[in-house]
Amino acid sequence: MAILLSLGVGAVWFAQGMHMGTLTKKLIEVEKTDEFGDKVVERSWEKTFELGLDFAGPGGGALFGLGAVLLVADRRRRRKA
Amino acid sequence: MRILIALLALAPTLALAAPGKAELTGDLKFVSDAPVEKIVGTATPAGTVTVDLADLSTLQAEIKVPVTTMKTGNEQRDEHMLGDQWLDAKAFPDIVFQSTAITVTKPITGEEVKEAEVEITGNFTLHGVTTVLKAPATLKWKENKLKVTTRFQVKLADYAIKGREGVVGSKVGSTIDLDVTLKGVIQ
């Protein structure tokens, strides 16, 4: 079940471009007063981290690993029995 | 001798009364407000302005925005924006505004910081398509420092920007709001 789920999550990650980090930067707007006495906005882009697809790749891998461990454990249990 | 001293004292004023030229730099904010997504971006415009501050109708400006300076905070989206379905940066690397006429809509006010409102008419070229654009602008100057601010809209369809099918009007607004501030020193 975990392996099947991991394949689904992995497929989403693959379809979205296999990105390992957040793609979207945040626009930071800082209000200042310029030499003309006007309120102006200074803009810059800042890297952000957002929960979401960042975890799809590693999450899919973890689920796959969990599935494999459970599968091996199940086989050993059956052998012993 | 007195006349000479008086002329020297008036020199800075006379210099500003004559047309002066300024290299302008600044920032541009663009907003696409569509039903599915709101995209906010920035760009870096630059250009030149020639103006006699005593007669604003003499103003002539050329502003360029290299499309490669346009950022939306998402590199993948920026790549798409510069691609041939949208702005086609390879074929049309610059957005250009060339003024052709100025109308003063609010005369000069202020003492230390002077201010006037104008309507700038000019040729606006985007995606290789040139249209006549009229935009309201505020001019402010203090000594020889000049600031120009303007806000206007562009309709993507007017510039043959079609984008990916079904995206304009849903994820990307059919009209883009632009907010531009430019500053320079008049020489």
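The values are calculated or read from the model by the stated rules, or taken from the named source; none is laboratory data. Being a predicted model, the structure only gives us computed values, none of them experimental. For neighbour counting, all protein chains shown are included, and Cβ atoms are generated from backbone atoms with ideal geometry for every residue, glycine included.
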Practice task
Run residue B:112 past the list (1) within 14 Å of chain A (Cβ to nearest Cβ); (2) touching a residue at least 60 places away in the same chain (Cβ under 8 Å); (3) part of a loop (DSSP other than H, G, I, E, B) and report the number of the one that doesn't hold.
Solution key: (2)
Exercise for the section: Scan (1) closer than 21 Å to residue B:30 by Cβ; (2) modelled with pLDDT of 95 or more; (3) surrounded by fewer than 20 Cβ atoms within 10 Å (Cβ to Cβ) for the single condition residue B:85 breaks and write down its number. Expected result: (2)
Exercise for the section: Please indicate, with yes or no, whether at least one residue in region B:105-116 is among the β-branched types (Val, Ile, Thr) and surrounded by fewer than 14 Cβ atoms within 10 Å (Cβ to Cβ). Expected result: yes
Practice task
May I ask you to list the residues in region B:25-40 that are more than 11 Å from residue B:65 (Cβ to Cβ) and either within 11 Å of chain A (Cβ to nearest Cβ) or in contact (Cβ under 8 Å) with a residue 12 or more places away in the chain (or both)?
Solution key: B:25, B:29, B:31, B:32, B:33, B:34, B:35, B:36, B:37, B:39, B:40
Exercise for the section: Go through the residues of region B:66-78 one by one and say whether even a single one is within 14 Å of chain A (Cβ to nearest Cβ), of a type in the set (A, V, I, L, M) and buried (at least 17 other Cβ atoms within 10 Å of the Cβ). Expected result: yes
Problem - For residue B:129: the one exception among (1) touching a strand residue (DSSP E or B) at 6+ places or on another chain (Cβ under 7 Å); (2) within 16 Å of residue B:153 (Cα to Cα) - result: (1)
Handout entry: Some residue of region B:160-180 being closer than 30 Å to residue B:113 by Cβ and of a type outside the set (Asp, Glu)
Key = yes
Problem - Leading residue by the ranking (modelled with the lowest pLDDT) among those in region A:15-28 that are over 9 Å from the mean Cα position of the chain (by Cα) and either surrounded by 13 or more Cβ atoms within 10 Å (Cβ to Cβ) or at the interface with chain B (Cβ under 8 Å from one of its Cβ atoms) (or both) - result: A:17
Practice task
Among the numbered conditions (1) modelled with pLDDT under 95; (2) surrounded by 15 or more Cβ atoms within 10 Å (Cβ to Cβ); (3) in a strand (DSSP E or B), tell me where residue B:154 comes up short.
Solution key: (1)
Exercise for the section: Considering (1) under 28 Å from residue B:74 (Cα atoms); (2) surrounded by 15 or more Cβ atoms within 10 Å (Cβ to Cβ); (3) at pLDDT 90 or above, say which one residue A:36 fails and leave the rest. Expected result: (1)
Problem - Subset tally (residues that are under 21 Å from the mean Cα position of the chain (by Cα) and either in a loop (DSSP other than H, G, I, E, B) or within 23 Å of residue B:133 (Cα to Cα) (or both)) for region B:60-81 - result: 13
